[in-house]
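Working notes, structure below.
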Amino acid sequence: MLRIAVLPGDGIGKEVIDVGVDVMNALAEVRPDLKLQYEWLDYGADRYLRDGVGFPDDERNAIAERNDAIFLGAVGDPRVPSNEHARQIILETRFGLDLYVNLRPCKLLDARFCPLKDKGPDDVDFTVFRENTEGLYTGVGGIFKKGTADEVAIQSSINTRKGVERIIRAAYEFADKHGKKRVCMSDKSNALRYGHDVWMRVWKLVAAEYPAIESRHLYVDVLAMELVRHPEDFEVIVTSNLFGDIITDLGAALQGGLGMAASANMNPERGIGMFEPVHGSAPDIAGQDKANPIAAVASTALMLQSLGRTADGAVIEQAIALALAENATTPDLGGNLGTRGVRDFLVDAVRRLGA
């Protein structure tokens, strides 16, 4: 039995999460050994505005103890200008559960959706390992004389030996396990002489333990350029929190946009993970049957694979590829279906492919 906590969140999150659950349930119908149990959670802007509750630490920890994974839709609502509830749900879950791996597959399924000339599925197929609990997103810093002409703002980047080593090692372990031959570490150690000196030194030590894997280093600005020029040169990329945030959005564009991009927040040692599409809550189109659910469905494939159901995840990926091939998509991908229409196609496809 796989126990999944479902957190739809805000806006289109509620729509795409339903599609993801429906697709998993359809697969379970034709695969009796796939047993799923859901715990639905109502954390989001509505709950925050009603009760002042974001995502309390004690409840988060209890939910993680009784579930194998968290499936998150999207968070963010203009009615909460500070987006405090979103910070608690996303950032504090990453920090609180120590989900130090942000894993983002960037895989092109159809050449039509790549903005690069003459690039196809064989050229865009890499995975980014983004450090998820350190760097500039830790909130260490402050503002002095705020609102005055003499205002000073300081934001500190935290880079620990432990944090850097474990994300780099996770990237190499992934490459070794999945038959990948190339790992690229990206930093800015020529300019960030202290924080990223740690990255450079630790990377060299860890890379030496994997002589069969080709190790490469690129400064992040060069990496961004090379991903546009020669995406086929990359298989696994590992980088810091901020740089990973930027590079993975570039990767999403190469695979067809944020509506295609799945992600996982994981701690390989602890077991629990949070899986989510990386697009926003898009409140301007919420409830209009316009949201592209493919990224959410792709996140379920990633979730099942991480929970040991590799073949089940592959079936969902095949269904997505079939939807793209037959133009059974929302208008942002050139189709003419709504969210529910894509849902119906994918549900039927996984039933046929999974039987």
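The values are calculated or read from the model by the stated rules, or taken from the named source; none is laboratory data. Remember, it's a predicted structure, so these values are computed and weren't measured experimentally. Virtual Cβ from ideal backbone geometry, glycine too; neighbours counted across all protein chains shown.
A few remarks follow.
- Residues that are assigned to a helix (DSSP H, G or I) and buried (at least 17 other Cβ atoms within 10 Å of the Cβ) within segment 19-40 comprise Val19, Gly20, Val21, Asp22, Val23, Met24, Ala26, Leu27, Ala28, listed in sequence order.
- Applying the criterion of being among the basic types (Lys, Arg) and touching a helix residue (DSSP H, G or I) at 6+ places or on another chain (Cβ under 7 Å) to the residues of segment 51-81, the residue that is nearest to Leu36 (Cα to Cα) is Arg60.
- When we screen Lys181, Lys117 for residues that are in the same structural domain as His230 (by TED's automatic domain parsing) and farther than 24 Å from Trp203 by Cβ, the only hit is Lys117.
- A single member of Ala28, Ala5, Ala45 is hydrophobic (A, V, I, L, M, F, W, C), assigned by TED's automatic domain parsing to the domain that holds Ala74 and free of Cβ contacts under 8 Å to residues at least 24 places away in the same chain, and it is Ala28.
- A single entry from Gly256, Gly271, Gly251 fulfils the requirement of being on the phi > 0 side of the Ramachandran plot and crowded, with 20+ Cβ neighbours inside 10 Å: Gly256.
- Whichever residue in segment 299-316 is free of Cβ contacts under 8 Å to residues at least 40 places away in the same chain and in contact with a helix residue (DSSP H, G or I) (Cβ under 7 Å, 6 or more places away or on another chain) and, among such residues, is farthest from Gly273 (Cα to Cα): Gly313
- Test: residue in segment 41-64 that is surrounded by fewer than 21 Cβ atoms within 10 Å (Cβ to Cβ) and among the aromatic types (Phe, Trp, Tyr): no
- Within segment 8-35, considering residues that are in contact with a Gly (Cβ under 7 Å, 6 or more places away or on another chain) and of a type in the set (A, V, I, L, M), the one farthest from Pro56 (Cα to Cα): Val30
- Among the residues of segment 129-146, those identified as at pLDDT 95 or above and in contact with a Phe, Trp or Tyr (Cβ under 9 Å, 6 or more places away or on another chain) are Phe129, Arg130, Glu131, Asn132, Thr133, Glu134, Gly135.
- Of the listed requirements (1) surrounded by fewer than 22 Cβ atoms within 10 Å (Cβ to Cβ); (2) among the β-branched types (Val, Ile, Thr); (3) under 25 Å from Gly251 (Cα atoms), Thr148 misses just one: (3).
- Among residues of segment 178-229, those that are of a type in the set (Asp, Glu), out of contact with any helix residue (DSSP H, G or I) (no Cβ under 9 Å at 6 or more places or on another chain) and closer than 22 Å to Asn159 by Cα, counted: 2
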